[in-house]
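Chemist: Quick one: structure below, then a few questions.
The values are calculated or read from the model by the stated rules, or taken from the named source; none is laboratory data. Being a predicted model, the structure only gives us computed values, none of them experimental. Virtual Cβ from ideal backbone geometry, glycine too; neighbours counted across all protein chains shown.
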Amino acid sequence: MKRYFGIVTLIIFVLFIFVAFFYWLQLRPAQIKHDCSWTRAYVGGESAHPAMTEAELRSIGLLKNCELLPKIINNSGSASEAFHDSVFEKRRMEVISGACEAENTKLISSYSKPRAAIPAKEQQRKTTDQEYKFCLRDKGL
């Protein structure tokens, strides 16, 4: 009876050692490599903001000042060059001012009503080589 007990104990001990080595050398590295292959990325999300008037937006500096100072035309050239430069400059200022006003109008309309915060969404993405190597070193492989 004692002889069988010793053999059974030895078999259980060897089996335990085998399972421990298998876990440490096979299962654990496979799980670490799997976990290091993917990372979480957060996309989207917007912060909340209260409703604001145009005056409030201007006072805190969110709206751009669309008034451009006129360019001083160099009078060293001929009259036709000065006229061409002034027409070109006037048109350029109209285009830039129009784009600026459109951007301000869009901002005013977005702040006309309060907006609740929109949480960012979590997505899984494949890690880069540098992230993967760092993760492996960090986890002890």
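Chemist: Among (1) in a helix (DSSP H, G or I); (2) at pLDDT 80 or above; (3) not hydrophobic (A, V, I, L, M, F, W, C), there is one condition Lys113 misses while meeting the rest; what is its number?
Modeler: Condition not satisfied by Lys113: (1).
Chemist: Do we have any residue at all in segment 61-80 that's farther than 30 Å from Ala117 by Cα, assigned to a helix (DSSP H, G or I) and modelled with pLDDT of 85 or more?
Modeler: No, segment 61-80 contains no residue that is farther than 30 Å from Ala117 by Cα, assigned to a helix (DSSP H, G or I) and modelled with pLDDT of 85 or more.
Chemist: Pick from segment 113-141 the residues that are surrounded by 12 or more Cβ atoms within 10 Å (Cβ to Cβ) and under 22 Å from His49 (Cα atoms): which of them is farthest from the chain's Cα centre (by Cα)?
Modeler: Arg115
Chemist: While we're looking at this one, here's another question. Within segment 1-53, how many residues are surrounded by 10 or more Cβ atoms within 10 Å (Cβ to Cβ), touching a residue at least 40 places away in the same chain (Cβ under 8 Å) and not small (Gly, Ala, Ser)?
Modeler: Residues in segment 1-53 being surrounded by 10 or more Cβ atoms within 10 Å (Cβ to Cβ), touching a residue at least 40 places away in the same chain (Cβ under 8 Å) and not small (Gly, Ala, Ser): 11 in total.
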